[in-house]
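The values are calculated or read from the model by the stated rules, or taken from the named source; none is laboratory data. Everything numeric here is computed off the predicted structure, so don't read it as measured data. Glycine also receives a Cβ, built like all others from the backbone with ideal geometry; neighbour counts cover every protein chain displayed.
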Amino acid sequence: MSAINPVASEVNEGKQNFSVRGRTPLIVNQADRPLGGLDIPGIWAYRDLLFFLTWRDIKVRYKQAAMGAAWAIIQPLGMMLIFAVFFGTFIGVPTEGTPYTLFFYCGLTPWMFFSGAITAGSVSLLNNSNLVTKVYFPRLIVPTAAVGALLIDLLITFVILIGLAAYFGMVWGWGLLVLPAMIVLTVLLALDFSIWLAALTVKYRDVRHALPFVLQLWMFLTPIVYPLSVVPQKWRWVMYLNPLTGIVEGVRSSLTGRKFNWIAISFSICIAVFALLSSIRAFQRIEKRFADLI
Amino acid sequence: MTAVISVKNISKCYQIGGLNPGYATFREFLAEAMAMPIRRLRRIQKSQKETIWALRDINFDMESGELVGLIGHNGAGKSTLLKILSRITVPTTGRTEVHGRIGSLLEVGTGFHPDLTGRENIFLNGTILGITRSEVRRKFDEIVAFSEIEKFIDTPVKWYSSGMYLRLAFSVAVHLDTEVLIMDEVLAVGDVSFQQKCLDRIHEIRNQGRTILFVSHSMAAVTRLCSRAILLEKGHLIADGPASEVVNDYLGSSWKVTSEREWTNLNDAPGNEVVRLRSVRVRDETGHTLTSIDIRRPLGVEIVYEVLQPGYTLTPKIELFNENGAHLFSAHDVGDEWRYRSRPIGLYSSTARIPGNFLAEGNMLASALLMSHIPETITHAQAINVVTFQVVDNQEKDSARGDFLGPITGMIRPLLNWTTEYHRIADEQLEEVISR
């Protein structure tokens, strides 16, 4: 039979092999599990879980709130109003010709997402401790879902940003193409810090107390309420070490047609990539002890 | 047959005491760092103090299609072993290998969110347990039908009764389609009829040739479902073999009671100045002491006692409890011989005979008492839960089980006399019934 139709028999064998191999993976759990690379197929197998955890967080967040998702609009708009009045009108922060409202909101959009995401991300493992101690799944999914759940809010504030820019006279040009890249960079940074802080919070609960304070300082160390140009030239490099500097300046430039600060943006990209690698590494180091520590 | 699960030299060490890893803070971390040079000098001494071995050198294999019960006291390491097998935590030493996907159910309803509806929770819980969205969708109707809550499927689960909640959670769990299923005491949920449904489902899963390891405190469930059991004690594997033998080991070693209890020193024996117990034994028809009896055979609970003061009428009494603590019955000796007769000093033995085909399977605890009812009720001696024995059902068909192989509920299982009569229906009546 096989001599007559060797191709058919090969196909058949291949199928059998596939069904056996495909359905019965070998799952090993051992002491001193080597710190391998990122288990992409393992995470991919749980993509539905990522979807449902994200969806659950979104659904539950505004469930008992009378105004629901309206809060995602009220918060940034309220902040914008207060800051525009005090810093724009009363103090008169220099904005290089951009209306202060738009100037400030350009910085606020990435910042609100970033700070919200890492706040949610840092406690994500603790809040899901019942899952972590009872079921196995790739743990990276938890902080990722926490960040993912805030993408809706980012979208809403982003739409407002575009509206504001259009109202105040957006500059149509190639610079607009940088805007999506800045958003992606913000999400990536938020993911980095969430992953790292989530793991750290499992080990040191202090993170929960320190983070709000650190975020407050961080906001003022980022050129959100003021332009980067007020910082003396010789201290600029310190500002560049803050990855959000490049993002905030980048968003402003793309919407107002100002010159891009490529140095700051390059710093942001490098830091984001480096932080991604090191945060995943740090996460993996503590990961196998999560269930014991939490 | 190849090993589907193989556990090799598994040990797990936890740190306890001083530095609670759950609440480590920067302050402790700093103090730790500063104390490090001093600590290093006496590290060995210190580390011995702070660690506890939850598991020590566990080795076993499980073959495809095996259903194994994991038993042992609280804190014996059962849950830790399940957590290592399901990769929730890593072992300190050793290695586990599992061929196939693992479905682990350490808790029913893991990840259920009260604000989400039943439907939403089925999907969420399913994906948490490692099945894909499309698999959940395919089994959705089956899951809902099993849980019997069709009407409330779009209601947030926070409005569910606890019974409904558990039924829904369990339904998702038993529809996991993995090659290996690991369960921690999840059978103890729901009402009796739902429990039975779950046990039926486990039978079904086993018949599909899938491998199941489960923890249970119900020895009846273990002996009935499993061919094999593994006993853990203080982190060590101390028995691995046929379920009924291992269950016997467990009951013998850990309940600290057996089917025979003797008091050699009369002063320590239960009782008072009137009468003291000498021994309590469980015996079969031929008088042999036994720990395990066929469900069809009669048995006797024998109480031996020494009357120290004359002039009392004494009534021996036994009380029988099952392993779930349910009080099955109390029985007095109401025989004529000693009922109204005061007892002279001396040694007595009274035996309560329990017929075969009367008790349900499982483990029984018997208490022995000696009482007076005339002129007033006095309890002279009582030995609570003093002997234990196991009623086993070998599934032979001449017991009350008949041809039914599933779990039989109820606290007793008497073999009753049934009569069935055939009444022929007159032709015109029959036609009337059919035409209606």
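Going through A:W196, A:W237 one at a time, which residue ends up being surrounded by fewer than 19 Cβ atoms within 10 Å (Cβ to Cβ) and more than 14 Å from every other protein chain (Cβ to nearest Cβ)?
On the way: A:W196 fails: surrounded by fewer than 19 Cβ atoms within 10 Å (Cβ to Cβ).
A:W237 is the lone residue from the list that is surrounded by fewer than 19 Cβ atoms within 10 Å (Cβ to Cβ) and more than 14 Å from every other protein chain (Cβ to nearest Cβ).
Can you say whether B:E148 is surrounded by fewer than 19 Cβ atoms within 10 Å (Cβ to Cβ) and of a type in the set (D, E), as far as the supplied structure shows?
yes
Every residue, every condition in (1) over 23 Å from the mean Cα position of the chain (by Cα); (2) over 24 Å from B:T110 (Cβ atoms), yes or no:
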position	(1), (2)
A:F86	yes, yes
A:L108	no, yes
A:G121	no, no
A:V142	no, no
A:G173	yes, yes
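Just for helices (runs of 4 or more DSSP H) wholly inside region B:117-234: which have at least 3 residues that are within 14 Å of chain A (Cβ to nearest Cβ) and basic (K, R)? Let's see the steps before the verdict.
Details: elements: B:118-128, B:133-147, B:162-174, B:192-207, B:219-225.
Answer list for region B:117-234: B:133-147.
Mind listing whichever residues of region B:284-316 are within 29 Å of the chain's Cα centre (by Cα), in a strand (DSSP E or B) and crowded, with 20+ Cβ neighbours inside 10 Å?
Hits for region B:284-316 are B:I293, B:L299, B:V301, B:E302, B:I303.
Please tell me if B:G65 is facing chain A (nearest Cβ under 10 Å) and at positive phi. Steps first, answer last, please.
Values: facing chain A (nearest Cβ under 10 Å): no; at positive phi: yes.
Answer is no for this residue.
When you check B:I293 against the structure, is it among the β-branched types (V, I, T), under 30 Å from B:S218 (Cα atoms) and modelled with pLDDT of 90 or more, yes or no? Walk me through how you get there before you give the answer.
Numbers: among the β-branched types (V, I, T): yes; under 30 Å from B:S218 (Cα atoms): yes; modelled with pLDDT of 90 or more: no.
No, not satisfied.
For region A:101-183, list the helices (runs of 4 or more DSSP H) that sit wholly inside it and hold at least 2 residues that are within 14 Å of chain B (Cβ to nearest Cβ); which are they?
On the way: elements: A:124-127, A:129-132, A:141-148, A:151-167.
Output list reads A:124-127, A:129-132, A:141-148.
Checking A:R208 against (1) without any contact (Cβ under 8 Å) to a residue 24 or more places away in the chain; (2) out of contact with any helix residue (DSSP H, G or I) (no Cβ under 6 Å at 6 or more places or on another chain); (3) not β-branched (V, I, T), which test does it fail?
Result: A:R208 passes all but (1).
To keep it simple, each residue is scored yes or no on (1) modelled with pLDDT of 95 or more; (2) under 30 Å from B:I84 (Cβ atoms); (3) not polar (S, T, N, Q).
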| site | (1), (2), (3) |
| --- | --- |
| A:S254 | no, no, no |
| A:R258 | no, no, yes |
| A:W262 | no, no, yes |
| A:S268 | yes, no, no |
| A:A272 | yes, no, yes |
| A:I286 | no, yes, yes |
| A:R289 | no, yes, yes |
| A:D292 | no, yes, yes |
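Results for (1) modelled with pLDDT of 80 or more; (2) within 11 Å of chain B (Cβ to nearest Cβ), shown as yes or no for each residue.
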residue	(1), (2)
A:E10	no, no
A:G22	no, yes
A:I27	yes, yes
A:Q30	yes, yes
A:R47	yes, yes
A:M67	no, no
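Mind counting the residues in region B:80-113 that are part of a loop (DSSP other than H, G, I, E, B) and facing chain A (nearest Cβ under 9 Å)?
Here is the first cut: in region B:80-113, the residues part of a loop (DSSP other than H, G, I, E, B) are B:86-92, B:100-101, B:106-113.
Of the ones still in play, those that are also facing chain A (nearest Cβ under 9 Å) are B:86-92, B:100-101, B:106-107, B:110-111, B:113.
Final tally of qualifying residues: 14.
Farther than 17 Å from B:A381 by Cβ and of a type in the set (S, T, Y): is that true of B:S279 in this structure? Please lay out each step first, then the result.
On the way: farther than 17 Å from B:A381 by Cβ: no; of a type in the set (S, T, Y): yes.
Answer is no for this residue.
Would you confirm, using the coordinates I've provided, whether B:G300 is in contact with a Ser or Thr (Cβ under 6 Å, 6 or more places away or on another chain), closer than 30 Å to B:G402 by Cβ and of a type outside the set (F, W, Y)?
Working: in contact with a Ser or Thr (Cβ under 6 Å, 6 or more places away or on another chain): yes; closer than 30 Å to B:G402 by Cβ: yes; of a type outside the set (F, W, Y): yes.
Yes.
Assess whether A:T157 counts as being closer than 23 Å to A:D57 by Cβ, touching a residue at least 60 places away in the same chain (Cβ under 8 Å) and more than 13 Å from the chain's Cα centre (by Cα). So that I can check it myself, show each step before the final result.
Working: closer than 23 Å to A:D57 by Cβ: yes; touching a residue at least 60 places away in the same chain (Cβ under 8 Å): yes; more than 13 Å from the chain's Cα centre (by Cα): yes.
Yes: the conditions hold for A:T157.
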